[in-house]
Each structure stands twice: as C-alpha cells, then as structure tokens.
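Below you'll find the structure, written out as structure tokens, and then a few comments.
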Amino acid sequence: MSGAKSRRTAVLLGPYSVWAALFILVPLFFVAYYAFTDNSFNFTLDNILKFFTEQSRETGSRIYLDIFFRSLKLAVISTVICLLMGYPLAYIMTRAGERAQKIMMVLIMIPMWMNFLIRTYAWMTILQDTGILNGFIQSLGLQPIHIIGTESAVVVGMVYDYLPYMVLPIYSVMAKMDYKLVEAARDLGCNGLQVLRRVILPLSIPGILNGVTMVLIPSISTFYISQKLGNGKFFLIGDAIEGQYVSNNLHFAAAMAFILMVILLAAMALIKYLTGRREYEGGAKA
Amino acid sequence: MKIASKVYTALVFIFLFAPIVILLVFSFNEGRSLAVFSGFSLKWYRELFRDEATLTSVRNTLLLAVSAMVISTVIGVAASVGIERLRAKWLKTAINTVTDIPMTNPDIITGISLMLMFVFAGRLFGLANSLSFWTMLVAHVTFCLPYVILQVLPKLRQLDPALPEAAMDLGCTPWEAFFKVTIPEIMPGIVTGAIMAFTMSLDDFVISYFTSGAGFQTLPIRIYNMTKKTVTPKMYALATIIFFVILALLLISNLTDDDAMAKRREKKRLKGKS
C-alpha cells in the first residue's frame, strides 16, 4: 500500500524533477563551466580576472568594476525612490474604499502588463532634447534641460518600469494588517509618526523586503532601459553581458553572469539571515 | 490629510500613465512626431495591419504562450501534489529551493544559462544554430513553472485531506479521487497559475531574447528589433491596441469576477449545506 502511494508520488513529481534538474540546475552549471573555461574549453581564470582587472587605456579606470558599481548605484537609487514613492501609495490604497482599491489595483497593473519595451521607448521620446518634457519646460519660459543619456534618465526609466513591483507586495501585506492595531496605538497616545514607526512600518517589513528584491534585481540587471535612456555605451552590467553575447564572447558573458549571480545570491542570503533573526528576536520578546 | 493623499495618488498615476497617454494620442497622429500633433489619422493602424512580420510575431507569441501555459500547468500541478505529499523534509526543502531559482535569479542570468546549455548541446549534436521555437518553449515552460506551483501549493494546503480519503472509502481508486476531488477543489489555484503562466510568457522579453533563433520571432523581440532603429508610429498603434485589450481583460477579471463569483460560490455552498 505504502509502496503504491510512494510510486504515485514519484509519478506526479517525476516530470518536474527531471525538468527542473535539466533546465534549472544544469544551465547554471553551464554558466560556471563557460565562466571558467576558454574558447577551447580548457580551464582558465582569465574571464573572471578580466572582470576585476581590465583597465581603460585612456583613463586607467577599471572598466567592468566601474560598470558594476554604476549598476549597483543606479539600482539602489531607483529602489529607494520606488520605496519612497510606493510606500505611501500602498498605504493610501489600503485605506480607500473597496471599489476604489480595485480600480487602483487595475490602474497599477495595466502598465505592468504593457510591454515594457514600448513604455521605455516612450520615455526616450519624452526625455529627448526636443521631446515633450522640454517643450513643456520651454512653454513655461524656462531653459530646456538635457537629461537623455544621463544616469538620471536611466533612473527615471527604472523607477517607472518597476514601481508597480514595489507597490503590490507592500499593498498585499498592508491589506492584511489589522487596522485595530493602529487605532489601539492612537488610543494609547501615539501620534501619527509614532504609529507609522512603531506599528505600520514593522508590520509591513515582509512586503518591503519583497518589493525591494523585486525592484532591485531587475534594475541591477536591465540592459534595455540603459540602452534607450543611457548614453549607448556599455552602461550597466546587463549591457556588458548582452554586448558580449552579441559579439559571441560567450565565455566572458558567462563570467559576468556568474559574478553577478554569486553577488546577488550572497546578498539575498544575507537579507534572509538578518530578517530571519529579527523575526526570531521579535518572537522571543513578545 | 485626505486631500493630500488624493493629490499624491493622482500625481503617481499621472507619472505612471503619462507615457501611455502620449502613445495613445500620437498613434492617431498624421505625422511621425511624438512631440507635435499635426492632425488626426488612422494611417498608422492601416500600416500596422499591413505589416506581415508584426502580425506573424503576434501569432507566434500566442502560440508560444498557450503551449507554455498548457505544459507548465500540467507539470506544475502534478509537481505541487507530489511536493505536498512528500514526507522527507529535506527533499521538500531541496525542491522548493530549486523552484525558487528562476524567480529570484535575474532574467538575464536565466536567459544566458539556458542559451549556454542550448549552444553547447547544439555543438555536441553538430547543429549550426540550435536556437528555435523549441528552445524558447523550454525556456518559457521553465520560468512559468514556479509561478504555477506557487499558486497551486497553498490551495493544496487548504484542502481537507479527509475529502480524497472519503472518495476512496466510497470506492474511488486513488487516481479517480485525484481527478474527481483534489483537482476540482484546487481549481481556482490552477486557473490563476495558468493565467499567470500565460501572461508571463506573453510579456517576456529578456529570456526570449537569449533563447530565440532567427526563424521564430515573438512580439517583444519584434518590438525590440523595431526600436533599434527610429520607430514608425505604427508601433504606437500596436501599443494602443495592447492597452485596450489589457484594460478590457483586467476590468473583466477584477471588477466582475470577484463580486459575482463570490456571490455565486456562496450561493452554491449554502445550497450544498441545506
């Protein structure tokens, strides 16, 4: 009987196990394999070392490390802006009426499901020197600004594309929050800021973490946004990987992907470790 | 405070919709500019429907999304039931960890990793170009699967294990109990998972970009190739059509579904009880 049962479990789980092993795990092995081999598949550390040491001939700066740190910087800035913009919106949404909440939900999801290439392209035309933004600025009698091709333009694109991914997880956590806790805190003499800091913020941390990873990861690895809104050269780590892929330098592309993956995995493990411990401490205190 | 939050909400939504409104308006522009409106015209819509390559890419996208949805739903539902039944905790953790990988890894890494494997396998079998519809299908099923499992697993946890047991006591074989009791009970999760798989596949650009061959172009890839050069406004016409399709779908699923379905389900339950 139990043999038949475990056979059924194996039949159900079999196809997925094979699929996941073949198409999730084996490909990751190939990233490492290509990263540590040269064109004739002999072991080498050159690809990895190239990432850390290759210098620009003109300025002497480290090309790929600079690109990586620029990606990190812009991704962090975008994530922080998304959080600052998205958090109040998520809170306002939870306080609205049921019907208003649903409408706002639809309004947030529409841009998410619209092809992000078209929307990013639209920003390119808006931010151009002769675009709508500058037309508007000039009609106010002000000096036009040059933003296309700068880091600010890339940040605008990232915030625009990924803001919904910040709002939705925070909203879904906040919507489940018991509002009586807020009322209780008010009754016990907390002012608005204290309620936010001591009740709402701690309760919404899981949503914030979810939102932060959902914005940080795509923005650190994007290449389309930076190609359209950046200055066209290898701007971000995603561009660098894509560029190596296009010029068929698969081993170096794999090396950069490998390094990016290791760094992100370490960062996520750290976040998980820190928050896991905090939850545990919170539980112990209570 | 109330007014402040209304103004704030309005500003955020203006930011979110400004580019979309501009696309909508300028898709009806007579000229090519995205800054100066020179007169109303439908000519870009006519051009769009004459653009064979774009129309083919729409068909390709739908074909790929439907195939990926069906395969990932079947494998994903079976896998979820299997995971839920597993006794060995380490095995459960191992499978869940692997399932998380495509969701947490950046798309570019998922794409590159699959591409490297396909290219390597292609060399092994002596194929000049191994990337095709099939490699894309494999890639799409792979990134859709975790979303199906994520939707189905919680529904299985809510399922009362006494139900399939009762069916078996009443003479069902285990497989009959599975198809007649378990599957209908977790149907809402299956449907949500399938819809998510469909939309993820429809919208994917990055992973498709690395795993697609020259012969099979999806709409996002087509749009990418179009935006490499200066774009003709027929792409805005395309964006406008996509916008209204999504708007209709979201309104139908969000505004009617919840109220009506909840009421109907409630009615059904009451009927069943009495």
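The values are calculated or read from the model by the stated rules, or taken from the named source; none is laboratory data. All values derive from a computational prediction rather than experimental measurement. When we count neighbours, we look across all protein chains shown, and the Cβ atoms used for this are built from the backbone with ideal geometry, even at glycine. The protein model used for the area step is the full one, side chains on, heavy atoms only, and it has no ligands, DNA or RNA in it. Shrake-Rupley method; radii C 1.70, N 1.55, O 1.52, S 1.80 Å.
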Original post:
Which of the residues spanning the stretch B:40-90 are out of contact with any Ser or Thr (no Cβ under 8 Å at 6 or more places or on another chain), closer than 20 Å to A:ARG7 by Cβ and not hydrophobic (A, V, I, L, M, F, W, C)?
Top reply: B:SER80, B:GLU84, B:ARG87
Original post:
Within the stretch A:193-211, is there a residue that is under 30 Å from A:LYS50 (Cβ atoms), without any contact (Cβ under 8 Å) to a residue 24 or more places away in the chain and charged (D, E, K, R)?
Top reply: no
Original post:
Among the residues of the stretch B:72-98, how many are under 15 Å from B:LEU159 (Cβ atoms), touching a residue at least 40 places away in the same chain (Cβ under 8 Å) and open to solvent by less than 30 Å² (accessible area, probe 1.4 Å)?
Top reply: 4
Original post:
(1) closer than 20 Å to A:TYR16 by Cβ; (2) crowded, with 23+ Cβ neighbours inside 10 Å: which one isn't true of B:SER208, the others all being true?
Top reply: (1)
**OP:** Restrict the check to the stretch B:238-246 and report whether at least one residue is open to solvent by 30 Å² or more (accessible area, probe 1.4 Å) and in a loop (DSSP other than H, G, I, E, B).
**Re:** no
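Hey, could you check the stretch B:13-44 for residues that are in a helix (DSSP H, G or I) and among the β-branched types (Val, Ile, Thr) and say which is most open to solvent (accessible area, probe 1.4 Å)?
B:ILE14
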**OP:** Filter the helices (runs of 4 or more DSSP H) completely within the stretch B:59-175 down to those with at least 3 residues that are within 13 Å of another protein chain (Cβ to nearest Cβ), in contact with an Asp or Glu (Cβ under 8 Å, 6 or more places away or on another chain) and within 30 Å of A:ALA267 (Cβ to Cβ).
**Re:** B:133-158
Original post:
Within the stretch B:27-49, can one find any residue that is out of contact with any strand residue (DSSP E or B) (no Cβ under 8 Å at 6 or more places or on another chain), within 9 Å of chain A (Cβ to nearest Cβ) and touching a residue at least 24 places away in the same chain (Cβ under 8 Å)?
Top reply: yes
Original post:
Which condition number in (1) modelled with pLDDT under 90; (2) open to solvent by less than 20 Å² (accessible area, probe 1.4 Å) is the one that B:ILE109 fails?
Top reply: (1)
Subject >> Qualifying position, being within 21 Å of A:MET104 (Cα to Cα), more than 10 Å from chain A (Cβ to nearest Cβ) and either out of contact with any Phe, Trp or Tyr (no Cβ under 8 Å at 6 or more places or on another chain) or at pLDDT below 85 (or both), among B:ALA214, B:ALA260, B:ALA194 >> reply: B:ALA260
Original post:
What are the pairs, 6+ residues apart or on separate chains, where a residue within the stretch A:234-255 that is of a type outside the set (Ser, Thr, Tyr) has its Cβ under 6 Å from a residue that is part of a loop (DSSP other than H, G, I, E, B)?
Top reply: A:GLY238/A:THR222; A:GLY238/A:PHE223; A:ASP239/A:PHE223; A:ALA240/A:PHE234; A:GLU242/A:PHE223; A:GLY243/A:PHE234
**OP:** Please specify each residue of the stretch A:14-61 satisfying the condition of being within 9 Å of chain B (Cβ to nearest Cβ), under 29 Å from the mean Cα position of the chain (by Cα) and open to solvent by 60 Å² or more (accessible area, probe 1.4 Å).
**Re:** A:LEU22, A:LEU25, A:PHE29, A:TYR33
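Against the definition (in contact with a helix residue (DSSP H, G or I) (Cβ under 7 Å, 6 or more places away or on another chain), open to solvent by 10 Å² or more (accessible area, probe 1.4 Å) and not β-branched (Val, Ile, Thr)), how does A:GLU98 come out, yes or no?
In short, no.
This table checks each residue for (1) at pLDDT below 85; (2) open to solvent by 40 Å² or more (accessible area, probe 1.4 Å); (3) within 24 Å of the chain's Cα centre (by Cα); (4) farther than 30 Å from A:GLY230 by Cβ.
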{"position": "A:ARG119", "(1), (2), (3), (4)": "no, no, yes, no"}
{"position": "A:ILE126", "(1), (2), (3), (4)": "no, no, yes, no"}
{"position": "A:GLY131", "(1), (2), (3), (4)": "yes, no, no, no"}
{"position": "A:HIS146", "(1), (2), (3), (4)": "no, yes, no, no"}
{"position": "A:VAL159", "(1), (2), (3), (4)": "no, no, yes, no"}
{"position": "A:MET166", "(1), (2), (3), (4)": "no, no, yes, no"}
{"position": "A:ILE170", "(1), (2), (3), (4)": "no, no, yes, no"}
Original post:
Residues in the stretch B:186-205 that are over 30 Å from A:ARG119 (Cβ atoms) and buried (at least 16 other Cβ atoms within 10 Å of the Cβ): how many?
Top reply: 3
**OP:** Keeping to the stretch A:239-271, report how many residues are among the small types (Gly, Ala, Ser), buried (at least 21 other Cβ atoms within 10 Å of the Cβ) and either more than 11 Å from every other protein chain (Cβ to nearest Cβ) or more than 17 Å from the chain's Cα centre (by Cα) (or both).
**Re:** 4
Subject >> Residue within the stretch A:102-117 that is surrounded by fewer than 20 Cβ atoms within 10 Å (Cβ to Cβ) and more than 10 Å from chain B (Cβ to nearest Cβ) present >> reply: no
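Considering only the stretch A:224-238, state which residues are closer than 19 Å to A:ILE48 by Cβ and open to solvent by less than 10 Å² (accessible area, probe 1.4 Å).
The answer is A:ILE237, A:GLY238.
Considering B:GLU52, B:GLU47, which residue is in contact with a helix residue (DSSP H, G or I) (Cβ under 8 Å, 6 or more places away or on another chain) and open to solvent by 30 Å² or more (accessible area, probe 1.4 Å)?
B:GLU47
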**OP:** Being part of a helix (DSSP H, G or I), more than 8 Å from chain B (Cβ to nearest Cβ) and among the charged types (D, E, K, R) narrows it down to one of A:ASP161, A:ASP129, so name that one.
**Re:** A:ASP161
